[in-house]
Structures are given as structure tokens and as C-alpha cells.
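Step one of this worksheet: look at the structure below.
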Amino acid sequence: MNQPENQLQPQIQVRDLSKTFRVPVRPEGLRAALKSLARPSYNDVEAVQDINFTIESGEMVGLIGPNGAGKTTTLKMLSGLLYPSRGEARVAGFIPWERKPDYLRRISMVMGNKSQMLWDIPPMDSFRVLGEIYAVPPGELRSTLDELIALLSMEELLTKPVRNLSLGERMKCELAASLLYRPAVLFLDEPTLGLDVSMQLRLRRFLADYNRRSGVTVLLTSHYMADVMALCPRVILIHQGRLMYDGELNGLAQRLAPFKLLRVTLHQEGANGGPEMPGGVEITEQEGNRLTLRVPREEAPMLTAKVLQTLSVADLTVEDPPIEAVIDKIYTEAAL
């Protein structure tokens, strides 16, 4: 029998989790199509293949990968919306696909392209309905709402019909609705999808602040690397249904880009063809007196010192390569 989670146990445990979809094959042509009615044929599509990971209480983890990698399928299995083809998972001490009421009170899921708000009534009415569904005591509901309304700055939205709200305003309400009963685990599937840059930034700040306040465990998928970089020190990368990396976000750059970038501003522009560089230093970009140099990661301190000795440097910064470039390399090569 399932028991509520032990605080000493990981909040999410996944072992050899897999999902195979049986997809009908529809041949071209009328004769072939009619034949398939009597003798249909199918292809098996492995959406998720034997993935393993654990997530501790209070962690914020990014689940990343290209379109069709299996991210949403994984979230749907962990939230209990899909049965796996094989493997095991426990979330907050429960087997997700059993969908027990106690489990559903422990988790919440926000999907950027789905809505749980009733279109024709104000958000406050939906909040009250959800409070009844999840049996939240009135006093607790009021205090939780007050906290969320303040954190999300949504006082003016509460009495407007949802259909009159902007996409960003609706997403604020979706987050509030998902947190009314203070779930222990929050699944976020593209929560900033379609939002402008300003609203994305506000929602990231809210999620980071709420995680610090409540200790909620968050598993986030997003195509916006800015979401992942701002919120998730750890990432789980899946590609074609397989887990390719599980670790610190910065560790991806260290494994796949064994170099550092030096952003250098010179006191004056160099001669035609660019200034002469110390051995091991490569100029990758040059615009006026601004240079971008690439140096081997292990030799970065020594070569940085040589650059300072060799050139008339007005300013210099040392950076890791952009994480977007690292992720793109993974997607392109499909290997680590």
C-alpha cells in the first residue's frame, strides 16, 4: 500500500521508465486504405526509453530536449495522466498512475497550452471552486490566496472574466490555481509559452521566490533556455526518448565545450588583419577594438595572463560558451 512521502526519501524516483505508443500506419491510395480497414498495421513508437533519475524535496530541475524528445510524455506519466509501458516511478511516495486522491492533492501540473480556468467567470470564482474540490479550509484558502495574489501582483485581475485577460494575466491565474492547495510537487510544461519577455521575467521571479518560500519540488520543461538558466541549477536532458545527461547545467558546457571565451576591449584598434595573438589563442570575432577569443579551458588562466601582457587591454571578461550553443550541439550530434 502506498504511504505518503518520507521526508528523507527523494520526492521523485524514476527507474527504467518507458512509454511505447502503438501508432496505426495509414498507407497511401484508396485500395491500400480499404485493405487497412480489414487488416490494420501498426508501428511502435518508443517515446520514452528506460530513463532513471531522482529529485530531492525542494529541488528545481529542468527537463530539456528538442521537440518529440519525450519531455511531455514523461511529465504525463509522473502526473498520472499516462500509464507507462514498463518501469517504475514514485512521486511524493505514491505510484502516479494509480491517481489516488491523496496523491492528486500532493501534485499540480501547469501546461502553457492548456487552461483549467473557466472562460466566462472571474478567476476568484474558479479559485473558490478549486478550493472546494481540494477541500482547502476557508481560512487556509484565504491566506494562501492573499500570498499568491501579492506575489503575482494580480489584485486587478480577480473580478474580470477570464476571456478578457491577456495571455500573461491568464498564466498568472493558472499558477495561482495550481498552488491553492499547496502541492508538494509542481510539474511545469512550457509555462512561459507565448509570453512576452517582460512577463516571462516576472513569472520566473515568482517561481524562484515561491520555491524558496514553500520548498515545493519543481520539474520544468521549456524551450526557452532563459527559463532553465534562471530557475534550474540541475538539468535532465533527454533526446529521442533516452536520458543523455543528468547534472549541473554548467556541466554541459564543460563536457561539450572544452574552451573559454575571452571578451576583450583594446585601447585602440589593431592593425589590419588583427593583433598578433599568443600561441593557443584563436580570434573568433572582431569588431573594431572588440575581440572575442577562444582558449582551451585548462589553459585559460595562463593564456589570459599572456593576452594581458601582449595586448593593450582596456577591458577583459572570461566566459563560458553560451548554453544555447551547447544544447544545440547536443541536439545536432545526438550524443554526449
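List of remarks:
- Protection proxy ranking for 61-70, 296-305, using the average of other Cβ atoms within 10 Å per residue and placing the highest first: 61-70, 296-305.
- Approximate spin-label separation E282-N67, in nm, with each point projected 7 Å along Cα-to-Cβ: 3.2
- If the segment from K329 to A226 were pulled out straight at 0.36 nm per residue, it would be longer than the present Cα-Cα gap by 35.4 nm.
- Within the stretch 44-135, the chymotrypsin sites (Phe, Trp or Tyr not before Pro) that combine a DSSP coil assignment with at most 12 other C-beta atoms in a 10 angstrom radius are W119.
- Protection proxy ranking, highest mean first, for peptides 279-286, 255-262: 255-262, 279-286, where packing is the per-residue count of other beta-carbon atoms within 10 Å, averaged.
- Label corresponding to semi-axes √(5λ) of the Cα gyration tensor in Å when calculated from the structure given, among (i) 43, 29, 21; (ii) 54, 26, 17; (iii) 36, 21, 20: (i)
- Mean sequence separation of contacting Cα pairs (under 8 Å, at least six apart), scaled by the length of the stretch 224-267, corresponds to a relative contact order of 25 percent.
- Set K76/K329; K100/K172; K71/K100; K19/K329; K76/K100 screened for pairs whose C-alpha atoms are more than 20 Å apart: K76/K329; K100/K172; K71/K100; K19/K329
- The angle between the Cα long axis of helix 323-333 and the longest principal axis of the Cα atoms of the chain comes to about 80 degrees, rounded to the nearest 10.
- About the Cα centre, charge dipole magnitude for the chain (Lys/Arg +1, Asp/Glu -1 at Cβ), debye: 1240
- Calculated from backbone phi, Karplus (6.51, -1.76, 1.60) coupling profile of the stretch 22-29 in Hz, x at Gly/Pro: 9, 10, x, 9, 10, x, 7, x
- Of all DSSP-defined beta bridges confined to the chain, some 70% are antiparallel rather than parallel.
- When you count the other C-beta atoms within 10 angstrom of each residue and take the mean per peptide, 181-189, 204-212 line up highest first as 181-189, 204-212.
- Heavy atoms of K172 accessible to a 1.4 Å probe, total area in Å² rounded to 10: 20
- The slack between L201 and L34, meaning 0.36 nm per residue of separation minus the straight C-alpha distance, is 54.8 nm.
The values are calculated or read from the model by the stated rules, or taken from the named source; none is laboratory data. Please read these numbers as outputs of a predicted model, since none were measured by experiment. Glycine also receives a Cβ, built like all others from the backbone with ideal geometry; neighbour counts cover every protein chain displayed. Ligands, DNA and RNA are excluded from the accessible area calculation, which covers all protein heavy atoms including side chains. Shrake-Rupley method; radii C 1.70, N 1.55, O 1.52, S 1.80 Å.
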